[in-house]
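Just so you know, all these numbers are worked out from the coordinates, no wet-lab data involved. Keep in mind that this is a model prediction, so the values were computed, not measured. Don't worry about glycine lacking a Cβ; one is built from the backbone with ideal geometry, like all the others, and counts go over all protein chains shown.
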Amino acid sequence: MTRRSFAALTAQAAVAAPARKIRVAMIGTGHGHAGSKLRALESMAAYEVAGVHRVAGDPVNGEAFQKARWISLEQAVGDPEVELVAVECADAATNLEYAQKAVDAGKFVHLDKPPGANLAGLKKLLDDAKRKSRVVQMGYQWRYHAGMQAAMEAARKGWLGKVYRFRASIDKPIGAEERRHLAKYRGGMMFSEGCHLIDRATGLLGKPQRVTGFIRHHSPLDDSLADNSLVVMDYAHAIAEVSLAGFDPQGNSHRFVEILGTNGSAKAQPFAPVRLHVELKEAAGPYRAGAQTLEPPSPPGLAYTPDFAEMAAVIREGAEPAYSAEHDLMTHQVLLEACGMLS
């Protein structure tokens, strides 16, 4: 399946109900994306939300849960009419545990990031899903970001020339409670947030030859959180750099993903509102020579609608997912290695 035909399927799934709606349950309420994903599912004609199972100790993250139908774990994974389970717990290890329960019950799964800290556990999950002809979709946030997609398209189609560098950064101030939660993992902010950007790097460049992580704690707070980190991924003909920090008060506007080639560069910054900055030596594809700033249109629907539109196409149309299980496992291995968490 080509990317164009897949995009057509997902766009159709975003706005049209299939002959039979997909019944979906959510496990967990504490992930930072949980509320937005519940809203996306509720807004889509393709889905019927069976309810939400709140895991013990999980905070309720978002106003979307105020009118939620609360269900038991057995109702979430034991109901034969539930085809998709979205796993949205606050803790990564807990997410992997419940995703395995869902796959064991024969469900398709949307697993939010990062997918645990146990590479062997993720491999088992993906292998078990494949054996049952099911798909586990990773909840990496920017797979359908219009600016990043356009930049990656320019790189893949050779419009930037020979790509030699990928650079991406997130820097945002985080509060004491979030710091406490992230500090339980050695990778800290890189483990929790950098996974999105590492996924973009591996999505473009594939598996690196070498991964080097600089995972540091630079706050005066004595909480051991790795809050200032850099990961360098070494390829045969390119270098990828991903940096994360927890200090910049204007961090949202300074986030970027940039791809550089011998004919020029493409940079998504900021992430919202979507802006794409292209600067080329020679005109290529739809871009003229010189510098220009564009506003690529975002996919239809709410945040995360494209992710669940993809799953609707997978479940009802038999579409292949845009990212393979092999890619997802490789990306998580790179993340764990970068964070010094690969055992």
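A few points about this structure:
- Fraction of antiparallel bridges per DSSP, the chain only, in percent to nearest 5: 55
- Calculated mean residue ellipticity at 222 nm for the chain: -10000 deg cm²/dmol, from DSSP H runs with n ≥ 4 weighted as -39500 (n - 2.57), summed, divided by the residue count and rounded to 500.
- Electrostatic dipole magnitude of the chain [Cβ: Lys, Arg +1; Asp, Glu -1; Cα centre; debye, to 20]: 760
- Across K162/K267; K172/K207; K37/K67; K21/K113; K101/K124; K113/K267, pairs whose alpha-carbon gap is larger than 21 Å: K172/K207; K21/K113; K113/K267
- Proxy reagent accessibility, fewest Cβ within 10 Å first, across I22, I71: I71, I22
- Dipole check for the range 146-298: with +1 at the C-beta of Lys and Arg, -1 at the C-beta of Asp and Glu, and the Cα centre as origin, the magnitude is about 480 Debye.
- Neighbour counts of C-beta atoms inside 10 Å place W159, W70 in the sequence W70, W159, starting with the fewest.
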